[in-house]
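Single-structure report; data block below.
The values are calculated or read from the model by the stated rules, or taken from the named source; none is laboratory data. This is a predicted model, so every value here is computed, not measured. With ideal geometry, Cβ positions are generated from the backbone for all residues, glycine too; neighbour counts draw on all protein chains shown. Each accessible area value is taken on the protein alone, full model and side chains, heavy atoms only, with ligands, DNA and RNA left out. Shrake-Rupley method; radii C 1.70, N 1.55, O 1.52, S 1.80 Å.
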Amino acid sequence: MTFRSKHPIRRFLLTILLTCTLALPQINLTNAASDPFPLILLSSYYQSIPIDGQFLLVAVTSNGKIPTFKSSSSSIASVNTYGVVTGKKSGTCTITAKIKNAEASCKVTVEKSVITISESQITLENGESVQLSATVSTGHDLRWRSSASAIASVDEDGLVTAKKCGSAIIRATADGVSAKCRITIKKPSLSLNRSSISLYPEENFQLVPNCSSKRPLTFRSSASAVASVDESGLIIARKKGTATITVKVDGVSRICKVTVKAPKAKII
């Protein structure tokens, strides 16, 4: 006796299991229909599958009755009329094949998805970007999220952009699990070519900052009437007195003290 099925694996399993059933001496198939103690044989009694993974659970009964299948938790693994089991989310449940006076069960474990991320921690400066990548064992799409978008944002493709000093956690999530990368936005290093200068009125001096950040610098004079400074750091002495030039970026600042001396006396 053979089974006709469009599914070659199912046809093969049904044929094998039926052959095993016919070989059991204690089962009398002639009187199977009236057997008060029927048996059910399963193709598997334990199975491990990934989320969205499937397998065919074949059940052969000694009395020829067609069993019904039921899952103890359809949210973990579902089963259809034909015994096709589908993993839904990680966990363990039982798939039971049942006829009158008999049942058999298969324990199904739906494995947790595994996400692998390219970096676990990265240090950046404000304005810098880095591309993160991640893979998930099920091949499902990932969702990227930042714990602090004001510090470090991330787009749907995993591109991280530093916004300001601090730290943030970037997570790649799929199938209820996630992998993370800690992003630290450090303060930049900043120095000036001079910390103090003396000038006469109308003289100028180019203040040159050395900064690790690519962010724009701001220049400010505490007394523009004494010594002014433009956006490039050019200091111009105006009149006798003192002024402090402050250079600032991302919360880091350096100063240069400017002393404007009295004009030189003209000799007539």
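Charge tally for Ala174 (other residues, Cβ to Cβ under 15 Å; Lys, Arg +1; Asp, Glu -1): +1. Using a probe of 1.4 Å on the protein chains alone, the accessible area found for Asp157 is around 100 Å². Per residue, the range 162-242 exposes 56 Å² of solvent-accessible protein surface, assessed with a 1.4 angstrom probe and all protein chains in place. Of the solvent-accessible surface of the chain, computed with a 1.4 Å probe and all protein chains present, 51% belongs to carbon and sulfur. Peptide packing: for 46-55, 104-113, the average count of neighbouring Cβ atoms within 10 Å per residue gives the ranking 104-113, 46-55, highest mean first. Rounded to the nearest 20 debye, the dipole size of the chain about its Cα centre is 980 debye, using +1 on the Cβ of Lys and Arg and -1 on the Cβ of Asp and Glu. Leaving out ligands and nucleic acids, and using a 1.4 Å probe, what accessible area per residue does the range 52-92 come to in Å²? Per-residue accessible area for the range 52-92 comes out at 50 Å².
Of interest is the spacing of the C-alpha centroids, which for the range 70-127 and the range 225-243 amounts to 71 Å.
A Förster radius of 45 Å combined with the Cβ-Cβ distance from Ser120 to Thr242 puts the calculated FRET efficiency at roughly 0.35. Take the Cβ atoms of Asn80 and Glu128, set R0 to 51 Å, and the FRET efficiency comes out at 0.50.
Between the Cα long axis of helix 8-23 and the first principal axis of the chain there is an angle of about 40°, rounded to the nearest 10.
For Kirkwood radius over Cα pairs in Å, the candidate list reads (i) 20.4; (ii) 25.4; (iii) 18.2; the entry that matches the value derived from this model is (ii). Extending 7 Å from Cα along the Cβ direction at Arg182 and again at Glu111 yields two label points whose distance is 3.0 nm. The slack in the chain from Arg143 to Asn204, taken as 0.36 nm per residue of separation less the alpha-carbon distance, amounts to 16.5 nm.
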